[in-house]
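I have placed the structure first, in the form of structure tokens, so that the comments after it can refer back to it.
Nothing in this text is a laboratory measurement; each read-out follows from the coordinates by a stated rule. What you are looking at is a predicted structure, and each value in this text was computed from that prediction instead of being measured. Counting neighbours? That spans all protein chains shown, and the Cβs are built from the backbone with ideal geometry, glycine included.
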Amino acid sequence: MRHHSYQPAEKFVYQPEEFDKYTELKLLRYCLGATMYMPGTKNFLEAIVTKKYPGLTSMVLCFEDACREEDLPAAEENSLNLLDALKQAIDQGKIRSSEVPLIIFRVRNIDQFRKFASRLDKDRMKLITAFNFPKFTKDNGEEYFVCLQELNDRFQEPVYGMPILESRQMAYIETRREELTGVKGILDRYRHLVLNVRVGGTDWSSVFGVRRGINYTIYDILPVADCLKDVINVFARDNDYCVSGPVWEYFRVNKKMKFSDMPESINASIFRHEPMINDAVDGLLRELLLDRANGFIGKTIIHPTHIPYVNGMLSVTEEVYNDAVQILRADGGVIKSEQSNKMNEIGPHRLWAEKAYMRAKAYGVIKDESCYTALFL
């Protein structure tokens, strides 16, 4: 797979690199991008084989919030059938294994994870990239990773964990620090198995009885923004982990979206609230800019129309790429940027440069900010 593979090469200064579940974790953790969630009961085989959504590179089949308890057996059967049918489609040459999106399962709880894991075999494991662990806490987290480690050992197949931080204990200010510290200790012990840290903006909003409107971002909801700030503080320091941004709940499908009149500077226009596409997409773009500014990489999505916006905004401009390369190649001190418009401090900017460089490898390098809109088409 490759992000933006459906886009012409001339849109990029440097094209994104290929990746799959076997890609080195150092890069793979940056590659999730727009990860589409759907109920485990959804039959998605044809959409994968026919490449219905060409930009889709990672997907989650959910056994938890998106799945009623009474539908759980059907969701598990559907998911196993999907893996078996994909294996058959690959064997029959209908699709290459490199064209199958990264498949992730969001388990319901530790007991359901164990039961589902007991039904896996080598062929099925080859098609699974990771498991989402919901309501992940310092009290239940170790069990998830012990089970995951056993799966890796049994099949000698790399499969990762993606804890979702969304518990009430983490929402409450009086217990948050203890929770964050405890969870960090677990992840540090299983760092080789952690693909991504995810956050539950919707669950945290529900604790406070609030919901962001279409003209607000999650960062405008102060109690939730406070949780996100602390998660980034603990898990994104020193680029220890990639933390993904929370889901954007709104979508408005418009097959006649036009970009010819869009401004060159998305940054300036979107924060002046100048209408660009529609309020649902404009709101998503506004939140994506703030996600990126705060160090989040990737985003949970609930509709395929969000894919080009999320992945497009993760691409890196040539100026940012050149700055990152210059910093990573230098030994120390301060250097004038290639554009002669800023100073690059080698020590303080190195972690930023590492993150920008990995984003460039995963999502490609574009000429300048005016090129972002070309990736939305």
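Data table
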item	result
Coarse-grained scattering of region 315-377 at q = 0.18, 0.21, 0.23 Å⁻¹, given as base-10 log I(q)/I(0) from a Debye sum over alpha-carbon atoms	-0.61, -0.79, -0.90
Burial ordering of ARG154, ARG124, fewest other beta-carbon atoms within 10 Å first	ARG154, ARG124
Peptides ranked, highest mean first, by Cβ atoms within 10 Å: ranges 230-236, 303-309	303-309, 230-236
Global form of the chain, assessed from the alpha-carbon gyration tensor, a/c cut-off 1.5	rounded
Estimated inter-spin distance, THR181 and ASN109, nm [label 7 Å along Cα→Cβ]	2.9 nm
Simple spin-label estimate for SER337 and SER98 in nanometres, 7 Å along Cα-Cβ	3.5 nm
Across LYS21/LYS361; LYS26/LYS51; LYS26/LYS355; LYS21/LYS87; LYS26/LYS184; LYS51/LYS87, pairs whose alpha-carbon gap is larger than 20 Å	LYS26/LYS51
For the chain, calculated [θ]222 nm from helices alone, where every DSSP H run of n ≥ 4 adds -39500 (n - 2.57)	-12000 deg cm²/dmol
Between helix 173-189 and the chain: long-axis angle, C-alpha atoms, 0 to 90°, nearest 10	80 degrees
Neighbourhood net charge (14 Å Cβ-Cβ; Lys/Arg +1, Asp/Glu -1) for GLY332	0
Using alpha-carbon coordinates, inclination of helix 222-235 to the longest axis of the chain, degrees	80 degrees
Shape of region 49-97, Cα gyration tensor, a/c cut at 1.5	oblate
Proximal aspartates and glutamates to LYS299, defined as alpha-carbon separation beneath 17 angstrom and excluding residues fewer than eight positions away on the same chain	GLU166, ASP203, GLU249, ASP282, GLU287, ASP291
Residue order, fewest to most beta carbons within 10 Å, for TRP248, TRP204	TRP204, TRP248
Residues of region 94-114 with amide N under 11 Å of a point placed 7 Å along Cα→Cβ from TYR172	none
Computed E for SER206/ALA74 - FRET, C-beta separation, R0 22 angstrom, nearest 0.05	0.25
Per-pair calculated FRET efficiency, R0 = 45 Å: GLU345 and ASP220 via Cβ, rounded to 0.05	0.90
Neighbourhood net charge (15 Å Cβ-Cβ; Lys/Arg +1, Asp/Glu -1) for LYS51	+2
